[in-house]
Every structure is written in structure tokens, then in C-alpha cells.
1. Are any residues in the range 119-147 in contact (Cβ under 8 Å) with a residue 24 or more places away in the chain and part of a loop (DSSP other than H, G, I, E, B), and if so, which ones?
2. For the range 1-118, please list each of the strands (runs of 3 or more DSSP E) lying entirely inside it that holds at least 1 residues being without any contact (Cβ under 8 Å) to a residue 60 or more places away in the chain and among the basic types (Lys, Arg).
3. Please work out if residue 57 is closer than 14 Å to residue 106 by Cα and surrounded by fewer than 24 Cβ atoms within 10 Å (Cβ to Cβ).
4. Please verify whether the range 131-140 includes one or more residues that are touching a Ser or Thr at 6+ places or on another chain (Cβ under 7 Å), of a type in the set (Val, Ile, Thr) and under 18 Å from residue 43 (Cβ atoms).
5. Of all residues in the range 60-92, count the ones that are surrounded by fewer than 24 Cβ atoms within 10 Å (Cβ to Cβ) and in contact with a Pro (Cβ under 8 Å, 6 or more places away or on another chain).
Amino acid sequence: MPNDSAMQMSAQVLAEAAGAAMFGRDPASQGLGMTLDEIRPGYARMSMQVRCDMLNGHRTCHGGFIFALADSAFAFACNSHNHNTVGAGCTIDYLAPGRQDDLLTATAVERALAGRTGIYDVDVVNQDGLLVATFRGRSHRVAGTVV
């Protein structure tokens with residue numbers, strides 16, 4: 001019978017494999033310049049630099065790009081258990097603007113996982129630690145595995 005440490009290591013190895021496989025076939029996140037900085041079971045951290053083509057008419061980062069970063073971190077966190085999982089719903093609150101050349105980081109944390117449903121909170125901060133947005137996602141597990 002494996003001990004807790006071995007099971008945690010196995011879960012971490014699986015999370016990393018799932019993250020690498022998903023990122024490798026995710027042209028949307030790659031095309032926006034996102035990086036998968038860290039992944040572990042129920043957790044993902046991703047970053048994206050705000051480019052000039054991501055600015056809106058106010059010369060701040062379009063909310064859709066901030067949402068995309070948060071949504072991607074959510075997706076990686078909820079698929080980190082190697083079960084195919086999709087978003088079932090979410091909300092986002094924008095708290096401060098992103099600016100050109102900002103490095104935005106989204107950290108997704110699993111808050112609850114029961115049966116096929118999970119709840120994940122994602123905070124998006126800039127390089128100074130300023131909270132730019134907060135996102136809550138609800139996941140639903142579907143058939144199959146990531147790897």
C-alpha cells in the first residue's frame with residue numbers, strides 16, 4: 001500500500017503530465033503568449049504579458065484578454081487531476097486596469113471538488129501584486145482522461 005508521500009508525488013507527476021499535454025495542444029493560450037508557470041493537483045499559475053494589440057479604446061487591457069488568462073488557469077487547475085473537465089459557468093470581477101507591458105499572473109485554486117463538480121477561484125494580479133481581477137469558475141467532469 002503506497003504511503004501519502006508516494007501518492008502525493010504520483011498526483012504531482014500526473015498533474016504535470018496533464019498540464020504539459022494540455023498546453024501542447026492549446027493554440028489559444030499559446031497564441032496569446034501565456035505560459036504555464038506552475039501546476040499541481042487542484043492548482044495552476046499562468047502568466048501573460050499585455051501586448052499593444054490587447055489594448056482597448058481606453059488604452060487598457062481589454063477585459064476579454066484578462067478573462068482568457070483567468071479561464072485558462074481555471075482550465076489547467078481543474079484538469080490537473082487528469083480527468084477531462086470543462087467549464088460549466090463562471091463570473092469575473094474587474095478591479096483594476098491592465099496596462100501595456102504589464103505581466104499578468106493568474107493563480108487558480110480548487111476550493112471544492114465533489115463528484116463531477118468543482119469550484120475554483122482565480123486571482124489575476126500584475127507584476128506589482130495589484131489585484132486586477134477575480135474569477136470564480138464551476139467545473140464539470142466529462143468522460144475520459146487528459147493523458
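Read the figures in this text as sums done on the coordinates, not as results from a lab. Model, not experiment: these values are computed from the prediction. With ideal geometry, Cβ positions are generated from the backbone for all residues, glycine too; neighbour counts draw on all protein chains shown.
1. Step one: of the range 119-147, the residues in contact (Cβ under 8 Å) with a residue 24 or more places away in the chain are 120, 122, 124, 126-127, 130-147.
Of everything in the range 119-147, those that are in contact (Cβ under 8 Å) with a residue 24 or more places away in the chain and part of a loop (DSSP other than H, G, I, E, B) turn out to be 126, 127, 130, 142, 143, 144, 145, 146, 147.
2. Values: elements: 35-40, 43-49, 85-94, 103-114.
Answer list for the range 1-118: 35-40, 103-114.
3. Working: closer than 14 Å to residue 106 by Cα: no; surrounded by fewer than 24 Cβ atoms within 10 Å (Cβ to Cβ): yes.
Criteria not met by residue 57.
4. No, because not a single residue in the range 131-140 is touching a Ser or Thr at 6+ places or on another chain (Cβ under 7 Å), of a type in the set (Val, Ile, Thr) and under 18 Å from residue 43 (Cβ atoms).
5. 2
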